[in-house]
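Trainee: Input: one structure, supplied below.
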Amino acid sequence: MTAPKSPRVVVIGAGPAGLRAVEVLARAGLKPVLIDEASRPGGQIYRQPPAGAERPPEALYGLEAGKARALHALPAELGAAIDYRPGTLAWAIEDTGIDLLGPKGFERLDFDRLILATGAMDRVLPFPGWTLPGVFTLGAAQIALKAQGMAIGARVALVGAGPLLPLIVHQYRKAGATVVAALDVTPFGAKVAALPGLLNEPATLAKGLWYTARNAMAGLSIRSGVAAVAVQGRDRVEALVWRDAKGREHRVACDAVGASFGLRSEAQLADLAKLDFVFEPVTRQWIPRRDPAGRSSRADVYLAGDGAGIGGADAAELQGARAALALLEDIGRPVEAARVAALDARLARQARFRTALERAYPFPAHLVDAIADDEILCRCEGITAGTVRAAARDREAGEMNRLKALTRLGMGRCQGRVCGQAAAEVLARALDRDIATVGRLRGNPPVKPIPIREALT
């Protein structure tokens, strides 16, 4: 009797979630296809320098160097047990086919089962001067350090609303960069109030406190409760101005600013796969619906990592393994119950910790309220906050896709990945409605720009 054919399983994303998923699948006897845009594994959090420009993991990942090493080594360890395709963009999903652009050009890859581990990107909120050359997101500042071995400037100011801020301050300081300001736009009291929940993951909390303490010992205490920020400069960044919680104004000369305000899930492929989405009020964003095991609203698609709700690198590893086990169970492969139970317990603790972490760094609504009418929201199309407010007031733009049709917001190269959440906040306030009621921008292929010349050949 012929053995049943193994299903073709595709995993998109070679970060912590995707790598752990392919490990579980490969060790169970499947040969998963691993698709990743980067040339080397690790995702954003454990991004590697280009081949030939290696630096010690301790210099790049600090306390997480051991985890980074283990994940980086996985594709080579698994070898022929996986079909690893680096440098490959998954730019569309239709039914059970994925459109790819990689070293061999354009390709359609069919799947029987799919795990989406697409990660996250910085959440951007406009502020005066944010479009000047020399302003980066915190994630971009971190990528420059890891992938190119360089800082974003000679005198750098860093601004944030999340746990990434103290980590990047530490990494820049350790790399020898001059950090002239480290500003947190969320209140210090929120962190104190969230402390009991943060104790769900004491080791992670201890790392955060360690980074904070090391920064303070080096004279880089993070100022909490910052009420407003603005970048000054004619042709590029020259200074950062901010107002503290007591209303006092400060100014520091700098030539680069890293600023972002939490993370948002990269969920465009989930949208193209026609998955159901739900609104998550804590992070104020729409995410694809999944159950605790990683099953989506589609029986053949699974979700893991930050692409379906922000959880961090440790949670992403657990979710990748758990989604792979759910997939194996669904195709009739044996799964160890004790392993599933242990993963579920750890994920439950991680979820409690993450809820507390989001409360420690609440959404900085005061920055949205301060966005002036002439401030650019959508850089690709040059759409201002005033245009959005006028569309809400005069043109019955009561929903994000209606707003897009009326103003072209979100029609540029980023397709709303950068401007979408900020625009939704502005629109909801203009309508005096809850943000969940204005919906989200629908995804369209390609999820990232692709060369038209090759697409037509």
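The values are calculated or read from the model by the stated rules, or taken from the named source; none is laboratory data. Fair warning: this is a prediction, and the values are worked out from it, not measured in the lab. Using ideal geometry, Cβ is built from the backbone for each residue, glycine included, and neighbour counts are taken over all protein chains shown. Each accessible area value is taken on the protein alone, full model and side chains, heavy atoms only, with ligands, DNA and RNA left out. Shrake-Rupley method; radii C 1.70, N 1.55, O 1.52, S 1.80 Å.
Trainee: Of all residues being charged (D, E, K, R) and closer than 27 Å to Arg243 by Cα in segment 172-217, which is surrounded by the most Cβ atoms within 10 Å (Cβ to Cβ)? Just the residue, please.
Mentor: Asp184
Trainee: What residue, of Ala65, Ala38, is open to solvent by 10 Å² or more (accessible area, probe 1.4 Å), out of contact with any strand residue (DSSP E or B) (no Cβ under 7 Å at 6 or more places or on another chain) and either under 28 Å from Arg173 (Cα atoms) or free of Cβ contacts under 8 Å to residues at least 12 places away in the same chain (or both)?
Mentor: Ala38
Trainee: Quick one: Gly416 ticks every box in (1) modelled with pLDDT of 95 or more; (2) open to solvent by less than 40 Å² (accessible area, probe 1.4 Å); (3) closer than 19 Å to Gln285 by Cα bar one, so which box is it?
Mentor: Single failed check for Gly416: (1).
Trainee: From the residues in segment 264-300 that are open to solvent by 60 Å² or more (accessible area, probe 1.4 Å) and in contact (Cβ under 8 Å) with a residue 40 or more places away in the chain, which one is nearest to Pro163 (Cα to Cα)?
Mentor: Val282
Trainee: Please enumerate the residues belonging to segment 408-436 that are assigned to a helix (DSSP H, G or I) and either of a type in the set (Lys, Arg) or touching a residue at least 24 places away in the same chain (Cβ under 8 Å) (or both).
Mentor: Gln421, Ala422, Ala423, Ala424, Glu425, Val426, Leu427, Arg429, Ala430, Leu431, Ile435, Ala436
Trainee: Next question. Please specify each residue of segment 104-130 satisfying the condition of being farther than 24 Å from Ile287 by Cβ and touching a strand residue (DSSP E or B) at 6+ places or on another chain (Cβ under 8 Å).
Mentor: Phe106, Glu107, Arg108, Leu109, Asp110, Asp112, Phe127, Pro128, Gly129, Trp130
Trainee: Would you pick out the residues in segment 211-242 that are farther than 15 Å from Lys191 by Cβ, among the hydrophobic types (A, V, I, L, M, F, W, C) and touching a residue at least 40 places away in the same chain (Cβ under 8 Å)?
Mentor: Answer for segment 211-242, where residues must be farther than 15 Å from Lys191 by Cβ, among the hydrophobic types (A, V, I, L, M, F, W, C) and touching a residue at least 40 places away in the same chain (Cβ under 8 Å): Ala218, Leu220, Ala227, Ala228, Val229, Ala230, Val231, Val237, Leu240, Trp242.
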